[in-house]
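What follows is calculated from the coordinates using simple rules that are stated; it is not laboratory data. Owing to the predicted nature of the structure, the values given are computational and were not obtained by experimental measurement. In this analysis, Cβ positions are derived from the backbone assuming ideal geometry, glycine residues included, and neighbour counts consider all displayed protein chains.
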Amino acid sequence: MSTQPSTDLIITRLGERIGQIREEKGWTQTDLAKSIGIHRAYLNEVEAGKRNPAIKNLVKISQGLGVEHSYLFKDVDRPA
């Protein structure tokens, strides 16, 4: 039996991390979405774990947040 989290859980944790970083910077979803050229509704779904973001959008998000791409994934795959 695997102790690795499911893909859905990893996507949820990734979205939570993005939202946490954004909030630490004092930005709204609208602020971040406008600054990187994506729709706020899309960002909302990513943060809620309802959407599996494309790599190109993860790059935009990490650059917009001013963090390394790898930082978005820090600890998201830890066992449940």
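I need the phi-derived Karplus couplings for region 27-35: 6.51 cos²θ - 1.76 cosθ + 1.60, θ = phi - 60°, integer Hz, Gly and Pro marked x.
The phi angles translate into 9, 8, 4, 4, 4, 5, 4, 5, 5 Hz.
For the peptides 21-31, 56-66, what is the packing order when you average, over each peptide's residues, the other Cβ atoms within 10 Å and list the highest mean first?
So the peptides 21-31, 56-66, ranked by packing, come out 56-66, 21-31.
Per residue and in Å³, how big is the convex hull formed by the alpha-carbon atoms of region 7-72? Provide the component values of the computation, followed by the final result.
Working: hull volume 4.7 nm³, N = 66.
Here the figure is 71 Å³ per residue.
For the pair Thr7/Asn57, report the inter-label distance in nm, with labels modelled 7 Å from Cα in the Cβ direction.
Modelled inter-label distance: 1.6 nm.
Tilt of helix 55-65 relative to the longest C-alpha principal axis of the chain, in degrees (0 to 90, nearest 10)?
Roughly 60 degrees between the two axes.
Run the quick spin-label model on Ile36 and Glu16: label points 7 Å from Cα toward the beta carbon, then report their separation in nm to one decimal.
Roughly 1.9 nm, to one decimal.
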